[in-house]
Amino acid sequence: MYGSMANIAGEIDGKKIRNTAQIKDITGGDLTEIEPKGKESFFDTINTTLMFAANDPPILGERDKEAIATRIVPVELPYAFVDDPDGPMEKEAADEAELEARLDTPEALSGLLNLALDGIERLEENGGDVSLPERPEERLRMYERTADPMREFGERCLENSPGDYVVKPDVTTIYKEFAAAEGYEVGSNINGVLHDVLRGVPSLNYTQSRPENPDYSDTDLPLRGWDERKRVVDRVTLTEEGMHYAEAAGLVVEKQEG
């Protein structure tokens, strides 16, 4: 990495990054210890651009997220390149040699250089921040929704509603439907982990209680009730998307009038 223009990894795993100290040191221009093979170590700044690709981006630890928010620039690559495209998110694949021939022309290289020069000007005008429409905090939130499917579920499928609640096991069941539809893996200790994550969703005021009969009769939710005491997530209801997954899980019933 030291002395290079960029450090590029084509695929990294989705393990949680609990300590972001090295990332902050490198991206913040702080001195970093360099250890060349067979030589004495020394300290210097690393001005390398870090670029990582991942199908499942790593989850960031809770510590120092504000500092990371000003450094991270998520770039979504939504298209799949296939031989026979069928759908809006599929494009026709091209041979690698053909792509290189297209990009390695004077016209293409000149265009890329002009884009790079325009980008440098924008960086200078913005005081070093990338010229994206979102604030750094919004970029971090976008990243976390992609990196953490449980947080994404909380933001897409749950919302606060003063007179409603959702029984905790039902929340877990609905999440499993959501994860299956989105192609996310579901771990073994799903219930505890899910609700720990939901407590930290900024858009969700997560509180719990344990009513006597959580049968949904005093809510607007047409869900199958419970005839035993269960913990519920208070003042929370399902969004339209959440109702879709609840129905897919077999939790929706017709409410009786009167």
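The values are calculated or read from the model by the stated rules, or taken from the named source; none is laboratory data. None of these values were measured; they are calculated from a predicted model. Positions of Cβ are generated from backbone atoms using ideal geometry, with glycine treated the same way; all protein chains shown enter the neighbour counts. Remember, those area values only see protein heavy atoms, side chains included, never the ligands or the DNA or RNA. Shrake-Rupley method; radii C 1.70, N 1.55, O 1.52, S 1.80 Å.
Sequence-distant contacts, meaning Cα pairs under 8 Å at least 6 residues apart, place the relative contact order of the chain at 15 percent.
Sparse packing (at most 15 other Cβ atoms within 10 Å of the Cβ) combined with a DSSP loop state is found for the following chymotrypsin sites (Phe, Trp or Tyr not before Pro) in the stretch 1-47: 2.
Three semi-axes describe the equivalent ellipsoid of the chain; taken as square roots of 5 times the Cα gyration tensor eigenvalues and ordered largest first, they are 45, 25, 17 Å.
Maximal additional length on extending the residue 124-residue 16 stretch stands at 35.6 nm, based on 0.36 nm per residue less the C-alpha distance. Here the peptides 224-233, 141-150 are ranked by packing, the mean other Cβ count within 10 Å, and the order with the highest first is 141-150, 224-233.
Taking the accessible area of the chain, probe 1.4 Å, and keeping the other protein chains in place, the carbon and sulfur fraction comes to 49%.
A simple count of charges around residue 170, restricted to other residues whose Cβ falls under 10 Å of its Cβ and scoring Lys, Arg +1 and Asp, Glu -1, yields +3. Each of residue 146 and residue 41 was given a label point 7 Å from its Cα along the Cα-to-Cβ line. The distance between the two points is 3.3 nm. Pairs of Lys residues in the chain are counted when their Cα atoms are under 14 angstrom apart and they lie 8 or more places apart or on different chains; the count is 4. Taken per residue, the accessible surface of the chain reaches 67 Å², heavy atoms only and a 1.4 Å probe. The alpha carbon convex hull volume per residue for the stretch 99-205 rounds to 164 Å³. Helices in the chain, meaning DSSP H runs of at least 4 residues, each add -39500 (n - 2.57). Divided by all residues, the mean residue ellipticity at 222 nm is -11000 deg cm²/dmol. Of the residues 162, 58, 74, the one that moves most in a GNM of the chain with alpha-carbon contacts below 10 Å is 162.
Extent along the principal axes, Cα only, for the stretch 114-159: 43, 17, 12 Å, with the longest axis given first. Here the 3J(HN,Hα) profile of the stretch 82-98, calculated from phi with Karplus coefficients 6.51, -1.76 and 1.60 at θ = phi - 60°, is 10, 5, 10, x, 8, x, x, 9, 10, 10, 6, 6, 10, 4, 4, 5, 5 Hz, Gly and Pro shown as x. Ligands, DNA and RNA aside, residue 247 has an accessible area near 130 Å² when probed at 1.4 Å.
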